[in-house]
1. Only one of (1) away from ligand 2 (no atom under 13 Å from the Cβ); (2) under 21 Å from GLY350 (Cα atoms); (3) loosely packed, with under 13 Cβ neighbours inside 10 Å is not met by ASP241, so which one is it?
2. Could you give every pair whose Cβ atoms fall below 9 Å, whose first residue belongs to region 162-174 and is free of Cβ contacts under 8 Å to residues at least 12 places away in the same chain, and whose second residue is hydrophobic (A, V, I, L, M, F, W, C), counting only separations of at least 6 or pairs across chains?
3. When you look at ALA236, is it more than 9 Å from ligand 2 (Cβ to nearest atom), part of a helix (DSSP H, G or I), modelled with pLDDT of 95 or more and in the same structural domain as GLN363 (by TED's automatic domain parsing), yes or no?
4. Considering every residue within region 311-325, establish whether at least one is in contact (Cβ under 8 Å) with a residue 12 or more places away in the chain and in a strand (DSSP E or B).
5. Kindly list the number of the only condition in (1) within 11 Å of ligand 2 (Cβ to nearest atom); (2) surrounded by 18 or more Cβ atoms within 10 Å (Cβ to Cβ); (3) farther than 30 Å from GLY211 by Cβ that fails for SER290.
6. Being among the polar types (S, T, N, Q) and under 30 Å from ASP241 (Cβ atoms): is that true of ASN351 here?
7. So if I check each of ASP219, ASP271, which one is touching a residue at least 60 places away in the same chain (Cβ under 8 Å) and touching a strand residue (DSSP E or B) at 6+ places or on another chain (Cβ under 6 Å)?
8. Hey, ILE255 hits all of (1) crowded, with 20+ Cβ neighbours inside 10 Å; (2) over 30 Å from LYS158 (Cβ atoms) but one; which does it fall short on?
Amino acid sequence: MEDTIAAISTSLGVGAISIIRLSGKEAINIVNSIFNQKDLTKVKTHTINYGFIIDNEEEIDEVLVSVMRKPKTFTMEDIVEINCHGGIATTTKILELVIDHGARLAEPGEFTKRAFLNGRISLLEAESVSDLIESVSEKQRKLAINGLNGRLTNVIKKIRDKILDLIANIEVNIDYPEYEDAIEVTHNYLKEKVNKIKKDLELLLSNASVGKIIKSGIDVALIGRPNVGKSSILNALLNEDKAIVTDISGTTRDIIEAKMVLNGITINLIDTAGIRETSDIVEKIGVDKSKQIINSADLIILVLNNNEELTEEDKELINEVQEKTNIIFVNKNDLKTKIKLDNKLNVIKGNTKELNGLEDLKQKIIEMYNLDKINEKDLTYLSNVRQITLVKGALESITKILKDIEKNIPIDMLEINLRDAFDKLGILIGETYEYELIDKLFKNFCLGK
Ligand SMILES: Nc1nc2c(ncn2[C@@H]2O[C@H](COP(=O)(O)OP(=O)(O)OP(=O)(O)O)[C@@H](O)[C@H]2O)c(=O)[nH]1
Ligand SMILES: [Mg+2]
């Protein structure tokens with residue numbers, strides 16, 4: 001934190017402008033020593049200054065230099081940004097110069113890490129910065145900006161305050177039993193309050209699955225025997241010839257992935273090798289991969305052939321996917337119906353020759369995931385595994401308290417679980433943290449941010 005750090009903050013390539021950013025005590029002095037127009041140590045804060053970057057006598061580039069003194073900056077340290085002409089040669093030359101003059105090359109995410117460590121943003125907000133940079137869709141962008149404006153942090157802080165209130169009241173009861181103004185924390189009182197906290201946490205978790213969908217999309221796998229038309233369905237959904245289609249069983253050997261968008265949500269389509277017993281080594285590897293995908297995908301579309309009777313393999317697959325979120329698509333309904341299915345199964349029929357049933361298939365996905373109801377105005381969603389795990393942990397502790405209340409366990413013994421929930425939510429927003437963990441978290445950021 002003592003070093004002055006520097007990095008190229010724009011993406012490195014050909015472009016009109018690039019920005020080299022410095023943060024730290026020496027930021028202004030360092031840039032001043034390679035700037036020829038005026039004394040940057042004397043300029044007002046938050047000003048843009050025209051001049052040339054020089055290396056001894058040689059002019060390197062004509063630039064605009066933003067000088068921002070602490071504390072009203074992103075990192076709460078002095079920040080200088082050099083706007084130079086874009087392109088690899090000029091930008092790297094200027095970066096080399098500031099490093100020669102005393103700056104250290106920043107690690108990925110180090111600017112944001114400093115913003116967090118100096119108390120300018122919470123950990124959730126910091127994570128949103130990287131989400132924002134990585135956003136490719138409008139919904140992802142909105143999710144990230146809602147994290148950045150502190151909305152989610154505030155929701156968590158409010159829940160923490162409720163827990164802290166309870167802890168404080170219990171402590172007062174224990175330490176000052178004679179104090180009459182204090183709220184008497186009874187089992188019933190505690191039960192009511194803890195139940196409310198439980199509901200808050202549950203709501204966060206149920207919203208989290210929506211956050212995940214917005215961020216990473218839904219993994220949808222096409223599974224089935226060879227030749228039933230999985231690749232044809234992939235192509236029809238995408239409206240392009242992405243996968244090879246032939247009438248030879250075992251055409252698809254490897255996983256084929258493609259993206260489509262439904263109601264603004266990314267659908268990661270996965271076409272797989274047809275599942276059957278085979279002695280062909282390459283095909284067998286593909287079949288094994290298909291079986292793994294059944295377990296890892298969010299949604300399985302099991303494809304059956306309308307023109308054939310059910311085989312043992314079909315039956316096994318039908319059984320297997322019942323335990324997963326699934327849709328059964330009976331393909332080739334342009335041909336004579338030979339398949340006989342249990343009426344209880346919920347199926348969609350169609351074919352890829354006349355493009356029949358494919359809109360129904362899309363509609364079904366929209367319904368299953370409520371994609372038409374995702375409300376981006378109020379997106380306070382937990383958006384990664386770290387966040388979800390901590391909220392789950394807090395919920396576990398809170399649920400334990402409710403069980404202990406039923407067992408009539410003395411109030412002062414319940415406090416430990418309240419504290420545990422409080423701590424977990426503290427780690428979530430970064431109020432308490434381990435340095436190593438923070439280091440790891442910020443390493444995922446891009447350079448210069
Ligand atoms: N009549 C008819 N034929 C279809 C339909 N869909 C696919 N086919 C044909 O069925 C054959 C197999 O199609 P694919 O899409 O390659 O089948 P697959 O399930 O990907 O097969 P593997 O990759 O071997 O597992 C091809 O000859 C397609 O033209 C359909 O809806 N109706
Ligand atoms: Mg195929």
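The values are calculated or read from the model by the stated rules, or taken from the named source; none is laboratory data. Since the model is a prediction, treat every value here as computed from it, not as a measurement. Heads up, the Cβs are rebuilt from the backbone with ideal geometry, glycines too, and the neighbour counts pull from every protein chain shown.
1. Only one criterion is unmet by ASP241, namely (1).
2. Close Cβ pairs (under 9 Å, with a partner that is hydrophobic (A, V, I, L, M, F, W, C)) amount to VAL172/ALA182; VAL172/ILE183; VAL172/VAL185.
3. Working: more than 9 Å from ligand 2 (Cβ to nearest atom): yes; part of a helix (DSSP H, G or I): yes; modelled with pLDDT of 95 or more: yes; in the same structural domain as GLN363 (by TED's automatic domain parsing): yes.
Yes; evaluated as a whole, the condition is true for this residue.
4. Scanning region 311-325, I find no residue that is in contact (Cβ under 8 Å) with a residue 12 or more places away in the chain and in a strand (DSSP E or B), so the answer is no.
5. Answer for SER290: the failing condition is (3).
6. Working: among the polar types (S, T, N, Q): yes; under 30 Å from ASP241 (Cβ atoms): yes.
Taking the combined requirement at face value, the residue satisfies it.
7. Details: ASP271 fails: touching a residue at least 60 places away in the same chain (Cβ under 8 Å).
Testing whether each residue is touching a residue at least 60 places away in the same chain (Cβ under 8 Å) and touching a strand residue (DSSP E or B) at 6+ places or on another chain (Cβ under 6 Å) leaves just ASP219.
8. (1)
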